[in-house]
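In what follows, a single structure is set out as structure tokens and then discussed.
The values are calculated or read from the model by the stated rules, or taken from the named source; none is laboratory data. Computed from a predicted structure; not experimentally measured. All Cβ positions, even for glycine, are placed from backbone atoms using ideal geometry, and neighbour counts span all protein chains on display.
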Amino acid sequence: MISSDVHLEDHVGRDIPLRMIRQIVNDAFILLERVFAALYSPMGGPTIAPEKLLRAMLLQAFYSIRLSGFLMERLEYDLLFCWFVGFGIDDPA
């Protein structure tokens with residue numbers, strides 16, 4: 001079992017194609033940071049960060065996951081998916 005003090009980065013292969021894609025996505029989100037910040041309302045409850053939602057949707061397209069429920073399942077147990085989206089080991093999907 002993986003303890004919560006271990007970083008997901010250590011469990012993702014160095015040569016997987018998602019590493020390059022994740023870097024491209026990271027660079028794009030740096031450019032969009034102000035746009036995303038402007039979308040947040042100062043009122044209301046907690047929300048899903050747009051960056052994480054968009055990353056999850058990319059995985060859904062890359063892996064041909066038809067239903068969002070199946071995507072949520074993968075985010076609960078697949079370390080690669082958690083890493084790509086930006087979740088920690090202990091973070092709920």
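Selection within segment 2-24: residues that are within 17 Å of ASP90 (Cα to Cα) and of a type in the set (Asp, Glu). The member of this set that is modelled with the lowest pLDDT is ASP5. If we scan segment 21-31, do we find a residue that is among the aromatic types (Phe, Trp, Tyr) and in contact (Cβ under 8 Å) with a residue 12 or more places away in the chain? Yes.
Restricting attention to segment 61-77, the residues that are assigned to a loop (DSSP other than H, G, I, E, B) and either crowded, with 16+ Cβ neighbours inside 10 Å or in contact (Cβ under 8 Å) with a residue 40 or more places away in the chain (or both) total 1.
Please work out if ASP27 is modelled with pLDDT of 85 or more, out of contact with any Leu (no Cβ under 7 Å at 6 or more places or on another chain) and assigned to a loop (DSSP other than H, G, I, E, B). No: the conditions fail for ASP27.
Listed here are the residues, each with its yes/no results for (1) under 16 Å from the mean Cα position of the chain (by Cα); (2) assigned to a helix (DSSP H, G or I); (3) modelled with pLDDT under 90.
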position: LEU31; (1), (2), (3): no, yes, no
position: VAL35; (1), (2), (3): no, yes, yes
position: GLY45; (1), (2), (3): no, no, yes
position: ILE48; (1), (2), (3): yes, no, yes
position: ALA56; (1), (2), (3): yes, yes, no
position: LEU59; (1), (2), (3): yes, yes, no
position: GLY88; (1), (2), (3): yes, no, yes
position: ALA93; (1), (2), (3): yes, no, yes
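A count restricted to segment 35-60 and to residues that are in contact with a helix residue (DSSP H, G or I) (Cβ under 6 Å, 6 or more places away or on another chain) and without any contact (Cβ under 8 Å) to a residue 24 or more places away in the chain stands at 3.
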